[in-house]
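I have a structure here, written as structure tokens, and I will follow up with some questions on it.
The values are calculated or read from the model by the stated rules, or taken from the named source; none is laboratory data. Note that this is a predicted model, so its numbers are computed, not measured. All Cβ positions, glycine included, derive from the backbone under ideal geometry; neighbour counts span all protein chains shown.
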Amino acid sequence: MKNNPRNPAVLLAAASKVAAICMPSGIDVMLVGGLAAQHYGSPLLTGDLDLALDKMPMIAGKVLSFGGIRTVIDGVPTDLIVRTDKWRRLYDAAQNSSRKVSTLPVPIVPVGFLIAMKMVAGRDKDHLSIEHLLGHDTRKSHKYHEEARVVVAKYLGEFALDELDRLVEEARWKDSRGML
């Protein structure tokens with residue numbers, strides 16, 4: 001389905017359009033959220049697009065409580081996130097560490113930062129995404145866990161680091177029982 005916003009190709013086309021608006025103006029764009037989690041292996045589908053920017057472009061939308069706007073790009077609900085709150089350092093560091101991947105129209109957030117961002121968001125769907133990224137007892141999930149531990153310790157603190165380890169332990173327990 002070409003117009004289905006759950007189709008990753010439709011989401012990526014919307015990301016390309018945002019990049020075409022932002023990048024010529026010197027605005028850095030980075031893929032975050034559910035589509036970034038899918039890139040790292042989460043099986044959860046997303047129906048929206050989340051992009052972090054270093055400054056806001058001239059695009060109309062509804063103001064987000066945590067910074068940025070919610071708009072619609074080619075039928076895709078899109079959050080353009082510009083953090084100006086206590087999590088700005090996390091987002092700035094993620095932006096500086098983002099990397100370009102040939103299959104994506106914009107740079108992507110590193111997985112450790114993505115996991116920290118999902119912890120900050122704290123919704124059930126974010127915890128589920130963390131479970132899918134870290135809950136399996138594989139080399140990749142162990143690598144992701146170590147990357148997340150470094151970021152979480154630096155930007156979210158010791159309490160959050162304990163919470164991350166608890167989430168991973170619970171997720172691996174679920175995985176061992178076929179619940180993940």
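Answer yes if at least one residue in region 121-138 is in a loop (DSSP other than H, G, I, E, B) and surrounded by 16 or more Cβ atoms within 10 Å (Cβ to Cβ), and no otherwise.
Residues of region 121-138 in a loop (DSSP other than H, G, I, E, B): 122-123, 135-138.
This time we only want the ones that are surrounded by 16 or more Cβ atoms within 10 Å (Cβ to Cβ), so: 135-136.
Yes, there is a match, as at least one residue in region 121-138 is in a loop (DSSP other than H, G, I, E, B) and surrounded by 16 or more Cβ atoms within 10 Å (Cβ to Cβ).
Hey, another quick one. Filter region 77-99 for residues that are under 14 Å from G33 (Cα atoms) and among the β-branched types (V, I, T) and give the result.
Within region 77-99, T78, I81, V82 qualify.
Return a yes/no flag: does region 117-124 have any residue that is farther than 30 Å from M58 by Cα and of a type outside the set (F, W, Y).
If we filter region 117-124 for residues that are farther than 30 Å from M58 by Cα, which is where we start, we get 124.
Filter again for of a type outside the set (F, W, Y), leaving 124.
Checking region 117-124: at least one residue is farther than 30 Å from M58 by Cα and of a type outside the set (F, W, Y).
Rundown of residues vs (1) under 14 Å from the mean Cα position of the chain (by Cα); (2) of a type in the set (D, E); (3) not assigned by TED's automatic domain parsing to the domain that holds K154, yes/no style:
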{"position": "A36", "(1), (2), (3)": "yes, no, yes"}
{"position": "L44", "(1), (2), (3)": "yes, no, yes"}
{"position": "L53", "(1), (2), (3)": "yes, no, yes"}
{"position": "M58", "(1), (2), (3)": "no, no, yes"}
{"position": "L64", "(1), (2), (3)": "no, no, yes"}
{"position": "D79", "(1), (2), (3)": "yes, yes, yes"}
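Same structure again: Do the conditions hold for D50, that is, is it within 17 Å of V29 (Cβ to Cβ) and modelled with pLDDT of 95 or more? If you could, list the steps in order and put the result at the bottom.
Working: within 17 Å of V29 (Cβ to Cβ): yes; modelled with pLDDT of 95 or more: yes.
Answer is yes for this residue.
Looking at R6, R83 in this structure, which one is part of a loop (DSSP other than H, G, I, E, B), of a type outside the set (A, V, I, L, M, F, W, C) and crowded, with 21+ Cβ neighbours inside 10 Å? First the steps, then the outcome.
Working: R6 fails: crowded, with 21+ Cβ neighbours inside 10 Å.
Of the residues listed, the single one that is part of a loop (DSSP other than H, G, I, E, B), of a type outside the set (A, V, I, L, M, F, W, C) and crowded, with 21+ Cβ neighbours inside 10 Å is R83.
Another question, then. Across region 24-37, which residue is farthest from R70 (Cα to Cα) among those that are assigned to a helix (DSSP H, G or I) and at pLDDT 95 or above? Working first, answer last.
Applying the first criterion (assigned to a helix (DSSP H, G or I)) to region 24-37 yields 24-25, 33-37.
From what's left, at pLDDT 95 or above: 33-37.
Details: G33: 14, G34: 15, L35: 16, A36: 18, A37: 20 Å.
Looking at the filtered set, the residue picked out is A37.
Next up: Could you look through region 68-94, keep only residues that are modelled with pLDDT of 95 or more and of a type in the set (S, T, N, Q), and pick out the one that is nearest to P8 (Cα to Cα)?
T78
Still on this structure, please answer the following. Among the candidates I69, I21, which residue alone is over 13 Å from the mean Cα position of the chain (by Cα), free of Cβ contacts under 8 Å to residues at least 40 places away in the same chain, farther than 19 Å from S102 by Cβ and surrounded by 17 or more Cβ atoms within 10 Å (Cβ to Cβ)?
Numbers: I21 fails: surrounded by 17 or more Cβ atoms within 10 Å (Cβ to Cβ).
None of the others qualify; the one that does is I69.
List the residue pairs whose Cβ atoms are under 6 Å apart, where the first residue sits in region 165-180 and is outside the structural domain of G41 (by TED's automatic domain parsing), the second is polar (S, T, N, Q), and the two are 6 or more positions apart or on different chains.
Correct list of pairs: empty, since none qualify.
Since V150 meets every condition but one in (1) farther than 23 Å from L90 by Cβ; (2) assigned to a helix (DSSP H, G or I), which condition does it not meet?
Result: V150 fails condition (1) only.
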